[in-house]
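Computed from the coordinates by the stated procedures, all read-outs in this text should not be read as laboratory data. These numbers were taken from a predicted model, which means no experiment stands behind them. Please note: Cβ atoms are built from the backbone with ideal geometry, for glycine as well, and neighbour counts cover all protein chains shown.
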Amino acid sequence: MMMWHVCLNRRGVPSVLLIAMLFAGCGSPQGSDIPTYIPDDAGGSEDRDSGAEPDGGDDPEDDVEGDVGSEADAADDEPDSGEDAPIELFFEDFHRVALTLPVGTTLRTPFELDELSTPVELLVVRELRGYNEVQNTENERVVMTVNDASFVGPEAGWDREELPRGRYDAYLENLGGASGTDVNNYLAVKIAATPRMLASVADHEGTIGDFTGFLGPGQASGTTFEAREGYAYVLRGVRGKNTVFVISTDQLPKIENQEPFAFIHTWDASDPELAPEPTVLDLDPGEYMVLVANNAGDERDHGSVMLIDEWLLK
């Protein structure tokens, strides 16, 4: 797996981005600007994932309403993974919210696990000073968290635990005063059961790639992975306010040369900020990239969390 990074400058129109640099690792932009044309349709893929209805977080400066789910069984509301997706995924959402959380506010959401043991994931994009954690209701023990100590600034990340049957509380709090940094009060949090497939269909081989972090205005970062024959690949995450593309790496020269490029999937401002839901990527063997770009146009840093799982088909 490799990390691929670019810096993009927005020019007032949603369809135009500029690549300012191409480099390995993180750091300050260096070198001369390389103009790159990336239209919204990016080559007009036929497999564009529309996602579900937008969350209340679409207007975080004014709207404190969120999309808060409680024990929604995704087996009855399976994710949109394309018309030809050959594999059914099973997962369950326990908490979903994308909103502006006022300073000094705590949001608590209870949920209950009925199975003896449930693999649970916590995905967090928090653009405020505060904390997010999951507690056991009976003993108040913290069982999941992304920012584990200082609560001093924005966080983007994920945690995974196998939790026993019982009652739990998700806590989100905005403490305000983020150490002199100009952050907003936006957060997006998803708590869900880890996606699974029928044991007769595939075996989980592991999480082979992830992106967790913040991107400045006009910046982008990509994670590459290899798709192998006889395997299925599942992407899921929280895009926040960024745009997410799944592309073949042979499209990179087109991006660098200011040409429209083809994508396999994308999630953008027309999709919920908690997208993508677990999605089976329809991929031929080869090298691919999950590219995350901050083209929100509001001059703020925005976070995203993406996970890529590999499944061995039977």
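If you plug each phi of the stretch 87-99 into the Karplus form 6.51 cos²θ - 1.76 cosθ + 1.60 with θ = phi - 60°, what whole-Hz ³J(HN,Hα) values come out, in order, with x for Gly and Pro?
10, 9, 9, 10, 7, 9, 8, 10, 7, 9, 8, 9, 6
Stretched out fully, how many nm does the piece from Phe90 to Tyr231 gain, at 0.36 nm a residue minus the Cα gap?
Values: separation 141, 0.36 × 141 = 50.76 nm, distance 1.75 nm.
Gain on stretching Phe90 to Tyr231: 49.0 nm.
Once the piece of chain linking Tyr171 and Glu259 is laid out straight, how much longer is it, given 0.36 nm per residue of separation minus the C-alpha distance between them?
Details: separation 88, 0.36 × 88 = 31.68 nm, distance 4.50 nm.
Length gained between Tyr171 and Glu259: 27.2 nm.
Please report the spacing between the Cα centers of the stretch 235-283 and the stretch 84-157 in Å, no decimals.
The stretch 235-283 and the stretch 84-157 have Cα centres separated by 24 Å.
What FRET efficiency comes out for the pair Ser117/Ala269, r = Cβ-Cβ distance, R0 = 41 Å, nearest 0.05? Intermediate results must be reported in sequence, preceding the final value.
Details: r = 38 Å, r/R0 = 0.93.
Using R0 = 41 Å, I get an efficiency of 0.60.
For the stretch 213-314, with only Lys/Arg (+1) and Asp/Glu (-1) charged at the beta-carbon, what is the dipole magnitude about the Cα centre, in debye rounded to 20? Kindly include the intermediate steps, with their values, before the conclusion.
On the way: 7 positive and 17 negative charges, 40 e Å.
Using only the charged Cβ atoms, the result is roughly 200 debye.
What GluC sites (Glu not before Pro) in the stretch 101-147 are in a loop by DSSP, with at most 13 other Cβ atoms within 10 Å of the Cβ? Let's see the in-between values first.
Working: sites: Glu112, Glu115, Glu121, Glu127, Glu133, Glu138, Glu140; in loops: Glu127, Glu138, Glu140.
Loop-located and lightly packed - Glu138, Glu140.
Under a 5 Å amide H to amide H cut-off, with H placed in plane at 1.01 Å, what residues pair with Val143 once short-range neighbours are removed?
Excluding prolines and chain starts, which carry no amide H, the hits are Val134, Gln135, Asn136.
Apply the Karplus parameterisation 6.51 cos²θ - 1.76 cosθ + 1.60, with θ equal to phi minus 60°, to every residue of the stretch 103-112 and state each ³J(HN,Hα) to the nearest whole Hz, in sequence, with x for glycine and proline.
4, x, 9, 10, 10, 10, 10, x, 8, 10
Two decimals is fine: what's Rg over Rh for the stretch 92-170, C-alpha atoms, Kirkwood radius as Rh? The partial results should precede the final answer.
Values: Rg = 12.7 Å, Rh = 13.3 Å.
That ratio is 0.95, to two decimals.
Write down the radius of gyration of the stretch 181-314 and its Dmax, each obtained from C-alpha positions, in Å.
Expressed in Å, the Cα Rg and Dmax of the stretch 181-314 come to 15.5, 51.
Given H placed 1.01 Å from N in the peptide plane, which residues other than close sequence neighbours of Thr105 have an amide H under 5 Å from its amide H?
Asn174
Could you check the simple spin-label distance between Thr106 and Asp284, using points 7 Å along Cα→Cβ, in nm with one decimal?
5.5
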